[in-house]
1. Convex hull volume of the Cα atoms in the chain, per residue, in Å³?
2. Let a ≥ b ≥ c be the square roots of the eigenvalues of the Cα gyration tensor of the stretch 311-454; is it rounded (a/c under 1.5), or, if not, prolate (a/b larger than b/c) or oblate?
3. Hey, got the dipole for the stretch 375-450? About the Cα centre, +1 on K and R Cβ, -1 on D and E Cβ, debye to the nearest 20?
4. What translational D, rounded to a whole number of µm²/s, comes out for the stretch 88-204 from Stokes-Einstein when the hydrodynamic radius is the Kirkwood one over Cα pairs, at 25 °C and 0.890 mPa s?
5. Using amide H atoms built in the peptide plane, which far-off residues or other-chain residues are under 5 Å from V419 H to H?
6. Please report the antiparallel percentage of DSSP beta bridges with both residues in the stretch 236-418, rounded to the nearest 5.
7. Give the angle, between 0 and 90 degrees and rounded to the nearest 10, that separates the Cα long axis of helix 24-43 from the longest principal axis of the Cα atoms of the chain.
8. Which residue, F280, V400, V417, has the largest displacement toward the positive end of the dipole of the stretch 236-418 when charges sit on each Cβ (Lys, Arg +1; Asp, Glu -1)?
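Since every read-out is calculated from the coordinates, none of them should be taken as a lab result. This is a predicted model, so every value here is computed, not measured. Because the Cβ atoms are built from the backbone with ideal geometry, glycine has one as well, and the counts that use them run over all protein chains shown.
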Amino acid sequence: MPDSLVVIEPATEAVLDTVPRAGTAEVDEAVARARGAFPAWRALTPAARAERLRALVVVLESHHEELALIEARNAGKPIGDARGEIGMVIETFRYYAAAPERLLGDTIPVAGGQAFTFREPLGVVGLIVPWNFPLTIAAWKLAPALAAGNTAVLKPAELTPLSALRFAELAAEAAIPDGVINVVAGPGSTAGARLVEHPDVAKIAFTGSTSVGRSIAAGAAQTIKRVTLELGGKSANVVFADADLELAAEQVPGGAFANAGQDCCARSRILVEESVLDRFMSLLEPRVTSIRVGDPLDPSTEMGPLISAGQRDSVASFLDDGVPVAFRGSAPEGDGYWFAPTVLAPTDRDARVMQEEVFGPVVAVMPFRDEEDAVQLANDTIYGLSGSIWTRDGARALRVARAIDSGVLSINSNNSVRVATPFGGFKQSGYGRELGPRALDAYTEVKSIYYSTS
Ligand code: NAD
């Protein structure tokens, strides 16, 4: 019998639930179930597989509010954000439900005959996800994986297993066949590591920290597993003097403090052209200090707690570095892993808060001289995931966007994640792309067949 995983509600520090803790034996059983289900799932006609995924969409739609509530309580998200995230889960399955019938190959004329290519599923895929967007990130992997004919073992983060466990029940309700989706709620060091080393797992799709990503890439090398890695970030907001500064000041906080800053895409460095620094800061301050931090279930809440005491300590350590505080908002006191939104004003471009992922509501402001300096500063980290450019000059916006080494960027917006567009990182933010039409590449092998006509 597995022992238990105690799930804490971050807004109250109370026990929210207790679920069986999966270890290596449970992972082995789940992989065996997924392996058993693979031949029949793969053999479904594309139309039949699409039909199953559409049935899942219908069941998810009818449990939208329930799943949002689970996510809000388990991950400490404002309920409005949680509803939006479950909306994206549904949209992701709807988008990839159309994929089985569009998974096309090529016909290639060659000497002596004809060559064709087919996109074959990989087999059993292992999906390892973090706690910050538990079901959303799981859906980004599950939907294209299943659409392409794979079966899956999903390992949620040990802090936030509840939405994935409920999702598996709903998948059964939607008549997704047994063994196609398997959830193992267990620690990374045991359940996650076993998935990575398991010889019957063909691929690991991982989202999490860059340090764990390194160990996953190394572990997967033993069995030449396919790997995609969505890792950390240290993204920049680049605010030029010619920007609509009111708009930038209104939107920059959303890009930096959404999900209490526990967002791989958080634009946690705010780079501002020095000629408008003072004016921009005076516009930004009231926007940050008025962020409503509190009970995730109160519809007026804009920012919830951090996920754990450990995360709060890790975020607080950035305030111990002696970097001047520009301004801070406020947060509740008492039970709950609360942290006030905080803007720091380092003078040193190599300060830790300018280089390391905080993964919490602490951001740094740094002035730049000109366009060249802005690009140099934006690129001056090991990461390359996301970012925003604020300017009214369209040519400059495109020049700077092309020059920043980052997988996703937005211009005059704090949002660049869409179901229909590719998402993933440059540099140590990872490799591979999720979402959009090409996500299917990550869950298929290309097979080339030559047919002799001579
Ligand atoms: P984490 O790396 O600690 O854990 C992520 C997952 O990996 C969890 O399920 C964990 O149990 C598992 N894991 C841990 N050690 C493992 C091991 N040795 N073998 C196999 N699995 C293991 O990350 P986290 O703290 O849950 O999430 C925060 C991190 O995730 C941040 O760095 C953030 O930037 C990153 N993230 C990236 C994206 C993206 O798409 N690029 C999205 C969200 C979060």
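1. 149
2. prolate
3. Taking the Cα centre of the stretch 375-450 as origin, the dipole is about 220 debye.
4. It diffuses with D of about 159 µm²/s by this estimate.
5. Those lying under 5 Å, H to H, from V419: there are none.
6. Roughly 15 percent of the beta bridges in the stretch 236-418 run antiparallel, per DSSP.
7. 60
8. Value computed over the given set: V417.
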